Amino acid sequence: MDKVIFIVLDGLNAKTAHNHMGFLEHLVEKGIMAAYTVKSEMPAQSRPLYEVLQTGVPTAENGITSNRTVRRSKERSVFEIAKENGFKTGAASYYWVSELYNHAPFQVMEDRIQLDANSLIEQGIFYHEDHYPDSHLIADGDYLIRKKATDYTLIHSMNIDDAGHKFGADSKEYVQAAVRVDAELSQYIWRWMSEGYQIVVTSDHGMNDYHTHNGISNEDRLVPLYLFSDKVIIKDFRKEGAIVPQLEIAPFLCKLLGIPAGDRMQAVQGIIMKRGSGDAAE
């Protein structure tokens, strides 16, 4: 079966990624990863966009309208479709993902470690503080990949977003948080590639100089997308000025996994795949 590692670097705007994520940009420069710019859905808040990334259904239809909407998702997610097709699902993530796809509300003393084959996220390690170190978080995700043999694995970090809320996007602290996670990923990505994993790196939303995100500006909505897969054309598509709608991410993940996309997911058009790739998701 095809295996996918989906890395979401919360709060990372496209400009900062392009200018400061030296390891990921190196992989693009050397023709190892493809690169795109994605325009996020609105509102540019975390919980609504976690739902968009996993279901491909916009906020006006999925009902997750703000960070205060605490309930299970009612849509078919990549987690659910992957599980239905025999894949083992996993997530090392902020607890809001658990609330969307496993249990709501999150109980700190019960729900941090979730190892339950009956859940949509079968193997889960969830944190509840925004400053939980990205170094620990990525190690948590790697543990699920190595020891629990997860086929579709979400790794979702919060340190960039945390720095942005404290200091703003035009701050050394925000850039330093991006640099740290880029360096941390460099310790894992080579091995994941060699072990046959397809890798998708993106963000939910960006960050602006006012220490927040919610609006229509490019700083709020434009985020990076880095791809490693033999199913995609490897090229820096940012040079062509193309913008990929965020609603394409969930069906694209289904294509990488080789599983059918959800009925409410749109066609993948902005991400260029090799001819014949992902036919099972049509």
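The values are calculated or read from the model by the stated rules, or taken from the named source; none is laboratory data. None of the values given here were measured: they were computed from a predicted structure. With ideal geometry, Cβ positions are generated from the backbone for all residues, glycine too; neighbour counts draw on all protein chains shown. All accessible areas refer to the heavy atoms of the entire protein, side chains included, with ligands and DNA or RNA removed. Shrake-Rupley method; radii C 1.70, N 1.55, O 1.52, S 1.80 Å.
Taking the Cα centre of the chain as reference, the dipole from Cβ charges on Lys and Arg (+1) and Asp and Glu (-1) amounts to some 480 debye. Neighbours of S135, meaning other residues whose beta-carbon lies under 13 angstrom from its beta-carbon, give a summed charge of -4 when Lys and Arg score +1 and Asp and Glu score -1. Accessible surface area normalised per residue over segment 167-282 is 45 Å², counting heavy atoms of protein chains with a 1.4 Å rolling probe. The mean sequence separation of alpha-carbon pairs under 8 Å and at least six residues apart, normalised by the residue count of the chain, gives a relative contact order of 33 percent. Amide H to amide H, with H built 1.01 Å from N, L225 comes under 5 Å of Y36, V38, counting only residues 5 or more places away or on other chains. Against the set [x] 64, 45, 33; [y] 64, 41, 36; [z] 46, 44, 37, the structure's computed Cα extents along the principal axes in Å falls on [z].
For GluC sites (Glu not before Pro), the sites in segment 139-203 that DSSP calls loop and that have at most 11 other Cβ atoms within 10 Å are E195. Each residue of segment 115-121 is assigned a 3J(HN,Hα), and the resulting list reads 10, 9, 5, 8, 8, 5, 9 Hz, derived from the Karplus form 6.51 cos²θ - 1.76 cosθ + 1.60 (θ = phi - 60°), x at Gly and Pro. Beta-bridge orientation, the chain: approximately 35 percent antiparallel, per DSSP, counting only bridges with both partners inside. Taking +1 at the Cβ of each Lys and Arg and -1 at the Cβ of each Asp and Glu, which of A178, Q198, A117 sits farthest along the dipole of the chain towards its positive end, judged by Cα position relative to the Cα centre? The Cα lying farthest towards the positive end belongs to Q198.
Two numbers describe the Cα atoms of segment 81-205: Rg and Dmax, which are 14.9, 45 Å.
The separation of segment 112-162 from segment 205-282, counted between C-alpha centres, amounts to 22 Å.
The residue among L49, F167, A242 whose Cα reaches farthest toward the positive pole of the charge dipole of the chain, with charges on the beta-carbon of Lys, Arg, Asp and Glu, is A242. The slack between E240 and H136, meaning 0.36 nm per residue of separation minus the straight C-alpha distance, is 33.8 nm. Which of rounded, prolate, oblate describes segment 10-87, given a ≥ b ≥ c as roots of the alpha-carbon gyration tensor eigenvalues and a/c under 1.5 marking rounded, otherwise prolate only if a/b is larger than b/c? Since a/c reaches 1.5 but b/c is at least a/b, the shape of segment 10-87 is classed as oblate.
You can think of it this way: the chain between Q107 and Q269 has 54.4 nm of extra reach, that is 0.36 nm per residue less the Cα-Cα gap. Share of carbon and sulfur in the accessible area of the chain stands at 49%, probe radius 1.4 Å.
Please list, or write none, the lysines whose alpha carbon is within less than 29 Å of the alpha carbon of K274, excluding same-chain residues fewer than 8 places away. Within the straight-line cut-off, K274 pairs with K3, K15, K30, K39, K83, K88, K231, K235, K239, K255. So what is the calculated 222 nm ellipticity per residue for the chain, using -39500 (n - 2.57) for each DSSP H run with n of 4 or more, over all residues, to the nearest 500 deg cm²/dmol? Mean residue ellipticity, 222 nm, calculated: -10000 deg cm²/dmol. Counted without the sites themselves, the longest stretch of the chain free of trypsin sites (Lys or Arg not before Pro) in a DSSP loop having at most 14 other beta carbon atoms within 10 Å is 75-273.
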